[in-house]
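The values are calculated or read from the model by the stated rules, or taken from the named source; none is laboratory data. All values derive from a computational prediction rather than experimental measurement. Neighbour counts run over all protein chains shown; Cβ positions are idealised from the backbone, glycine included.
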Amino acid sequence: MNKQIIGFLLVCLTITGFVSCSSSSFDDIVANRRSVRSYDKSKKISEEQIRTLIATSQEAPSWANVQATRYYVVMSEEKLNQVLPAMLQNKEKASMAPVLIVTTYKQNQSGFFNGEPSNEIGNGWGAFDAGLSNAFLVLKAKEMGFDTLIMGLRDADGIKRALDIPNDETVMSVVALGYGNQVPKRPERKSLFEIMKIK
Ligand SMILES: Cc1cc2nc3c(=O)[nH]c(=O)nc-3n(C[C@H](O)[C@H](O)[C@H](O)COP(=O)(O)O)c2cc1C
């Protein structure tokens, strides 16, 4: 084989290798992300890393691009201790995480036009957008080597008080972020047959 053919084959192998790696990496992240309920609190996360994470979360689609999701990143020991009592059944799990990210949405923005709800879902669209933002967040966190736990069981009023969250915001999830020290098994998913209908 002459040098040109060898060179051509090498370029092809590099390109196909790159394409297959980059297309499988998303699936790997999805497959490896788990809800982790125990963290090594001594392993810290930097503000720079948090900014990278939230910037990706913000790339999630939102109603008319209103970007109503808000993030309260709790990482000082003082504030973590103030939020913990509001974590109810999740208190012990939350206490192990070095960072808790409270996500809220600003009311009457997502799903609204000129101050009126655009359809029957109303502020449900704010919750929907926050969920999308959370999905981007937990997947990006996994890509960055972190683990997460989305927590819906929390005392919203207690969290609002601890973090001075304005009244026009609805508290959604608290996301624990850190380096997990357990590898949970994947909870079974329902069959596609059960959840999907092609019409
Ligand atoms: C909206 C929402 C609320 C959740 N709330 C809690 C919670 O309060 N406590 C908890 O331990 N897990 C909570 N989870 C985690 C789920 O139990 C978990 O995602 C589910 O069992 C599937 O496991 P996996 O995330 O490892 O795939 C919540 C997840 C979501 C999406």
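For this structure, a couple of remarks:
- Only a single criterion out of (1) in a helix (DSSP H, G or I); (2) surrounded by 20 or more Cβ atoms within 10 Å (Cβ to Cβ); (3) not hydroxyl-bearing (Ser, Thr, Tyr) is not satisfied by Val102, namely (1).
- Residues in the range 33-77 that are among the acidic types (Asp, Glu) and farther than 18 Å from Gln109 by Cα were compared, and the one that is surrounded by the most Cβ atoms within 10 Å (Cβ to Cβ) is Asp40.
- Filtered residues of the range 139-171 (kept if within 15 Å of the chain's Cα centre (by Cα), in contact (Cβ under 8 Å) with a residue 24 or more places away in the chain and near the ligand (Cβ under 8 Å from one of its atoms)): Leu149, Ile150, Met151
Quick grid of which residues meet (1) among the small types (Gly, Ala, Ser); (2) assigned to a loop (DSSP other than H, G, I, E, B); (3) within 15 Å of Val74 (Cβ to Cβ); (4) at pLDDT 95 or above:
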position	(1), (2), (3), (4)
Asn108	no, yes, no, yes
Leu137	no, no, yes, yes
Lys140	no, no, no, yes
Lys190	no, yes, no, yes
